[in-house]
Amino acid sequence: MNDVLQQSAKDFLTRYLPDYELRPQLGFQALSKVWEVKSSQGRYFLKHYSQLRKFKQEYVAYQSYLTELSQQGLTARYIAHEQRHERSFLLLTALDGERVDRLSLNLDDQKRLYALAAEFLGALHEVAVKDKDMALGEALEMRLEHALTHFHQRNPQSQEISNFVQNTLKNFLNTLNKPKRCPCHGDFAPYNWLSQAPYETLAFIDFEHSKADLWLSDTARLWPYWQDHPQLEKSFWQTYQSKRNLSQNLAELRWLNLHWAVFDQFNTLIWDTAHQRPAQTQSLKRLNELSKLLKNKTPTRD
């Protein structure tokens, strides 16, 4: 931590904690920074944001979406904040556990955790939000057009990818019947889940990408993790379907998710390409795999 940031963090903590020890930075974030804080009043996470937008999104999540879920120990609890353009802080209660993506788990433990993740996500998606923006269907169409234009400008030679994404998603968006926004995590994946032995509980971190959006924007992020593990996918969808009392059966939910996974991986490809990350090869492979899956699968009733 540089001297200016360190002093700002200390000034912030002094206003809210009678005593504290600022521990080394945790490895949860890339751009944002997280430290563990120990005090006579308990353990905390102190989060610093380099982007004001991300601070606002996480702050709104804790203030608007996560009140009841945090009381159940599923997320941290909000304590205090400081909002500045270049230096914003959020003080949260600490959570126990390790990142799930770093744990060595047997299949039963994995299935249990995916069911717990589905239970949390279903509860989050059922939280009521005031939707005052343009119709979600219209917003999704605009988002798709922007992504396609951005990709084509940077990759004019990749017309095959653009055509696949455009044809797949334009047809898909037409099948959505006046979709509604719900609170979404925005980066819902095992690296943002915490658990510990005996792996019977799960907690969730990093809501800096959170916003009201299409529910599939959360579930689509999970497709690469269960692509080769259908038992995990089944465990997730069974719980999620029950939690939200959805009319779609498991095959239909998979079909919906595969389509929105195309958009998720396409956006990942755009980001990786813009930042010259080698992971763009992985995104291309995943888009190719999704193309094959969508050619072979159509929704069917049980």
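Every number in this text was worked out from the coordinates using simple rules, so none of it is lab data. The shown structure was predicted, so the numbers you read here are calculated from the model rather than taken from an experiment. Every residue, glycine among them, receives a Cβ derived from its backbone with ideal geometry; neighbour counts consider all protein chains shown.
Over the alpha-carbon set of segment 188-244, work out the extent along each principal axis and list the three values in angstrom, largest first.
In descending order, the Cα extents are 31, 23, 23 Å.
Normalised by the residues of the chain, what does the relative contact order come to in percent, with Cα pairs under 8 Å and at least six apart?
Details: 424 pairs, mean separation 51.5, N = 302.
For the chain, the relative contact order is 17 percent.
Based on the Kirkwood radius over alpha-carbon pairs, what is the Stokes-Einstein translational diffusion coefficient of segment 58-127 at 25 °C with 0.890 mPa s viscosity, in µm²/s? Please list the in-between numbers first.
Numbers: Rh = 14.1 Å.
Answer, rounded: 174 µm²/s.
Ordered by residue, what ³J(HN,Hα) values in Hz, to whole numbers, does segment 192-206 give under the Karplus form 6.51 cos²θ - 1.76 cosθ + 1.60, where θ = phi - 60° and Gly and Pro are x?
10, 10, 10, 8, 8, 4, x, 6, 10, 9, 9, 10, 10, 10, 6
Cα-Cα pairs above 14 Å in segment 250-290: how many percent? Don't jump to the answer; show the numbers that get you there.
Details: 388 of 820 pairs.
That tail contains 47 percent of the Cα-Cα pairs.
Over the Cα atoms of segment 124-201, what Rg and Dmax result, in angstrom?
When restricted to Cα atoms, segment 124-201 yields Rg and Dmax of 17.5, 51 Å.
Rounded, prolate or oblate: which fits segment 203-302 when a ≥ b ≥ c are the square roots of the eigenvalues of the alpha-carbon gyration tensor, with rounded for a/c under 1.5 and prolate only if a/b beats b/c? Working shown, then result.
Values: a/c = 2.08, a/b = 1.34, b/c = 1.55.
Taking the square roots of the gyration eigenvalues as a ≥ b ≥ c, segment 203-302 is oblate.
May I ask you to evaluate 6.51 cos²θ - 1.76 cosθ + 1.60, the Karplus curve with θ = phi - 60°, for each residue of segment 174-181 and list the ³J(HN,Hα) values in order in whole Hz, giving x for glycine and proline?
5, 7, 6, 9, 6, x, 10, 6
At 7 Å along the Cα-to-beta-carbon direction for both residue 201 and residue 104, put a label point, then send me their distance in nm to one decimal.
2.5
Work from the charge dipole of the chain (Cβ charges, +1 for Lys and Arg, -1 for Asp and Glu, about the Cα centre) and give the residue of 42, 177, 238 farthest towards its positive end.
Projecting each Cα onto the dipole axis, the largest value belongs to 177.
Along the charge dipole of the chain, Cβ charges K/R +1 and D/E -1, which of 198, 294, 220 sits furthest on the positive end?
It is 294.
Could you identify which residue out of 98, 36, 145 has the top mean-square fluctuation in a GNM of the chain using Cα springs shorter than 10 Å?
In this elastic network of the chain, the residue with the biggest mean-square fluctuation among 98, 36, 145 is 145.
How large is ³J(HN,Hα) for each residue in segment 61-78, as worked out from phi by the Karplus curve 6.51 cos²θ - 1.76 cosθ + 1.60 (θ = phi - 60°), to whole Hz, x for Gly and Pro?
4, 5, 7, 10, 9, 9, 4, 6, 5, 5, 5, 8, x, 7, 9, 5, 10, 5
Restricting things to alpha carbons, tell me how big segment 1-78 is in terms of Rg and Dmax, in Å.
13.1, 37
Any idea what the alpha-carbon Rg over 2.2 N^0.38 Å comes to for the chain? Intermediate values should be presented prior to the final figure.
Numbers: Rg = 20.2 Å, N = 302, 2.2 N^0.38 = 19.3 Å.
Computed over Cα atoms of the chain, the ratio equals 1.05.
Please give the charge dipole size of the chain, origin at the Cα centre, charges +1 on K and R Cβ atoms and -1 on D and E Cβ atoms. Round to the nearest 20 debye.
420
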